[in-house]
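Some notes on the structure that comes next.
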Amino acid sequence: PKVAVSSNSTPNAFAAGRGEGNAVVCVTQGALRELDGDELDAVLAHELSHIMNRDYRLMTTIAALIAAAGWFVRWGWLFGDGGDGDSGNAMYYLAGWVLVVFVWIGGFLVGRLLSRYREYAADKGAAEITGDPLALASALRKISDKASKAPKEDIRDAQNVNALLAVEVTERRGISSLIRTHPSVEDRVERLEEMAVEVEN
């Protein structure tokens, strides 16, 4: 894929594109500055894994379905019972609207769960490509640490593409962890360290 560089000072990277033929891997200037060669290779391998696994297609499809359900939740009242006063039609309309709300919320949560699973898969792919799981673990720690100290302006810019990034820029704890796009860095690092032990053995 083509490689692009973002001027954002928060270290991170992401992959995007409509297909393999026009995929782009973007790294931030912060990543180029903060990561050493092996760590940068590992982050790029993580993004390559997303492209190889066609994750962007899957997540784009899920996002489109969630957006469609959200549109119906927001504007469905325009397609009410037509003002004919039929309580039966009104009940069908209300039941349909409630169903769409559940689909919207359920689809959103399932989409986030699937996104977290795809991150684990991309981590494993990166470890297989580089043969060095600990390089990615080290990169994830650095990115997470720097993101927590980044200026608020950079955080706001990065949040717009949170789902695409190698590491989520905002840590979510407790019940809010349900809407994470990425697993916690601690969990990812633990899995990578287990992979490193397997490689050594």
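The values are calculated or read from the model by the stated rules, or taken from the named source; none is laboratory data. The model shown is predicted, which means the values in this text are computed figures rather than measured ones. Glycine gets a Cβ as well: all are built from the backbone with ideal geometry, and neighbour counts include every protein chain shown.
For the range 131-146, the condition holds for at least one residue, the condition being that it is modelled with pLDDT of 90 or more and over 19 Å from Glu34 (Cα atoms).
So, of the residues in the range 93-118 that are aromatic (Phe, Trp, Tyr) and surrounded by 13 or more Cβ atoms within 10 Å (Cβ to Cβ), which turns out to be farthest from Phe72 (Cα to Cα)? Quick ask: steps written out before the conclusion?
Step one: of the range 93-118, the residues aromatic (Phe, Trp, Tyr) are 93, 97, 102, 104, 108, 117.
Still in the list and also surrounded by 13 or more Cβ atoms within 10 Å (Cβ to Cβ): 93, 97, 104, 108.
Values: Tyr93: 12, Trp97: 8, Trp104: 9, Phe108: 14 Å.
Ranking the candidates gives Phe108 first.
Just one of (1) at pLDDT below 60; (2) in a helix (DSSP H, G or I); (3) within 18 Å of the chain's Cα centre (by Cα) fails for Glu153. It is (3).
Could you list, ordered by first residue, the pairs with Cβ atoms under 9 Å in which the first is in the range 123-147 and part of a loop (DSSP other than H, G, I, E, B) and the second is surrounded by fewer than 19 Cβ atoms within 10 Å (Cβ to Cβ) and among the hydrophobic types (A, V, I, L, M, F, W, C), at least 6 apart or interchain? Correct list of pairs: Gly131/Val199; Asp132/Ala196; Asp132/Val199.
Tallying residues that are of a type in the set (Gly, Ala, Ser), within 25 Å of Leu192 (Cβ to Cβ) and surrounded by fewer than 20 Cβ atoms within 10 Å (Cβ to Cβ) within the range 7-62 yields 3.
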